[in-house]
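*Asks:* My questions will all concern the structure given below.
The values are calculated or read from the model by the stated rules, or taken from the named source; none is laboratory data. Remember, predicted model here, so these are calculated numbers, not experimental data. Note that each Cβ is placed from the backbone with ideal geometry, even for glycine, and that neighbours are counted across all protein chains shown. We work out accessible area using only protein heavy atoms, side chains counted, and drop any ligands, DNA or RNA first. Shrake-Rupley method; radii C 1.70, N 1.55, O 1.52, S 1.80 Å.
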Amino acid sequence: MDSGFAGAGNQLLHVDVHIDKSEPHRGILDLLSRLRPHWKTQDIQMKTFTEGITNQLIGCYVGSLQDPGCVLVRLYGRMTELYVNRDREVEMFQVFHAHGCGPEIYCSFQNGICYEFVRGTVLDDELLHQPSIYRLIAAEMGRIHSIQPKCGLPVEPLLWTKMSHFLTLVQSSFNSSPAEQPCTTSPAAVPEVPSFETLSVEMESLKRHLSQIDSPTVLCHNDLLTKNIIYNHKEGMVKFIDYEYADYNYQAFDIGNHFNEFAGVNDVDYSLYPSWELQRDWLTAYLESYKHSTGREVTVTEAEVTRLYIQVCKFSLASNFFWGLWAILQSRYSSIDFDFQRYALARLNYYFEKKEEYFKLTMS
């Protein structure tokens, strides 16, 4: 078990450059002249990735993208500074990298960051159901959850602070005039998201219920959808990328959040949510890894799996609520072509559908 953040808090190179999103080429070459001075401009190739629904991502390389030394340039999405703490994100990058769990971050610039390309491919949604793959994901999460904070400093889970912040932003976005909001093609056809009052009451009820549950506070990724998992088939390993939401949080939130992601992003389908059998196997692999990484006896009992399963069900509610609020904000501010309102409704509807069933679950 590690007692400190080796490598965290190091002074990161900051390049005073602003990259134009509509014409990023020149700004990126300017960055690369400092990060990769030996690269000849005429040899540099760029590939735009379209997986993210928050930021723009561009891979820069000479030769092949899978060669060592490739640089990923990430341009922050519009207004994302409202709900992403960029300093904390850089710190998390350094922590994950110091513990061998993530890529190296090379520099920050005015509207983004550059970091190491993790070799492998973005995981396909279907592979989440494959035992050989999901056990790798469970074990990697167990390792990350065992990373300890700086010498004994107490840590607070991020969940309620972040959720309250989202809710405040949602309130002000509801109050802003229609002229300040992006127009939708056919507002009449879109069902309305719940009112601020309804959301506020729900958050309090969720907080009351979940605060009684004894889920440990651990280092979490907090946004583990398939697009943030890189699978290296050759090496038989997975790595998690993108730490915009990474921070200390409830263990069961990180797992429940990942299980919700089985439903997908573009067409959310909760019939794909993992079965009890899959969850039991996943949680067993997770607990083995978590115990091993924290230096404990690795035997996992049926009772431990059941206990974690119940906690995960309950915190999966918080995950749906959290991303429902996030999507409401994105529908107001994002310039990315994605139906955030529909996504918000999918997450919130499933929250309301499952709330009573999951609240009733007890250890007896």
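*Asks:* Can you give me the % of accessible surface on the stretch 287-364 that is carbon or sulfur? Probe 1.4 Å, all protein chains present, nothing else counted.
*Replies:* Answer for the stretch 287-364 is 50 percent, counting heavy atoms of protein chains only.
*Asks:* Only helices at least 27 Å long along their own axis, judged from Cα atoms, and with Kyte-Doolittle mean hydropathy of -1.0 or greater: name those in the chain from DSSP H.
*Replies:* Taking the DSSP H segments of the chain (at least 27 Å long, mean hydropathy at least -1.0), we get 302-333.
*Asks:* Moving on to the next point. Which of rounded, prolate, oblate describes the stretch 42-107, given a ≥ b ≥ c as roots of the alpha-carbon gyration tensor eigenvalues and a/c under 1.5 marking rounded, otherwise prolate only if a/b is larger than b/c?
*Replies:* oblate
*Asks:* Give the peptides 268-280, 112-124 in descending order of average Cβ contacts within 10 Å, highest first.
*Replies:* 112-124, 268-280
*Asks:* While we're looking at this one, here's another question. Rounded, prolate or oblate: pick one for the stretch 248-360, where a ≥ b ≥ c are the square roots of the eigenvalues of its C-alpha gyration tensor, a/c under 1.5 means rounded, and failing that, prolate if a/b is larger than b/c, else oblate.
*Replies:* prolate
*Asks:* Then there is this: To the nearest 10 Å², what's HIS97's accessible area with a 1.4 Å probe?
*Replies:* Near enough 70 Å² of accessible area.
*Asks:* Right, here's the next one. How high is the relative contact order of the chain, given as a whole-number percent (alpha carbon pairs under 8 Å, six or more residues apart)?
*Replies:* Value for the chain: 19 percent.
*Asks:* Here is a further query. Enter the accessible area of HIS25 (Å², nearest 10), with the probe set to 1.4 Å and all protein chains included.
*Replies:* 90
*Asks:* Where does the chain land at 222 nm, in deg cm²/dmol rounded to the nearest 500, when only DSSP H runs of n ≥ 4 count, each adding -39500 (n - 2.57), divided by all residues?
*Replies:* Calculated at 222 nm, the ellipticity per residue is -14000 deg cm²/dmol.
*Asks:* Here's something else I'd like to know. What aspartates and glutamates could a cross-link reach from LYS150, if we take a straight Cα to Cα line under 16 Å and drop same-chain neighbours fewer than 8 places away?
*Replies:* Straight-distance partners of LYS150: ASP2, GLU91, ASP247.
*Asks:* Here is a follow-up. From the Cα gyration tensor of the chain, with a ≥ b ≥ c the square roots of its eigenvalues, which class applies: rounded if a/c is under 1.5, or else prolate if a/b is larger than b/c, or else oblate? All intermediate terms of the calculation are to be shown ahead of the outcome.
*Replies:* Numbers: a/c = 1.69, a/b = 1.16, b/c = 1.46.
It comes out oblate by the Cα gyration axes.
*Asks:* Give me the distance between the Cα centres of the stretch 97-175 and the stretch 23-89, rounded to whole Å.
*Replies:* Using only Cα atoms, the two centres lie 19 Å from each other.
*Asks:* How large a share of the accessible area of the stretch 41-114, in percent, is made up of carbon and sulfur atoms when the probe is 1.4 Å and the other protein chains stay in place?
*Replies:* C and S atoms contribute 46 percent here.
*Asks:* So, for the chain, what is the accessible surface per residue at a probe of 1.4 Å, expressed in square angstrom?
*Replies:* Details: 16890 Å² over 364 residues.
Accessible surface, normalised per residue, equals 46 Å².
*Asks:* With all protein chains present, how much of the accessible area of the stretch 118-177 (probe radius 1.4 Å) comes from carbon and sulfur, to the nearest whole percent?
*Replies:* Values: 1560 of 2830 Å².
C and S fraction of accessible area: 55 percent.
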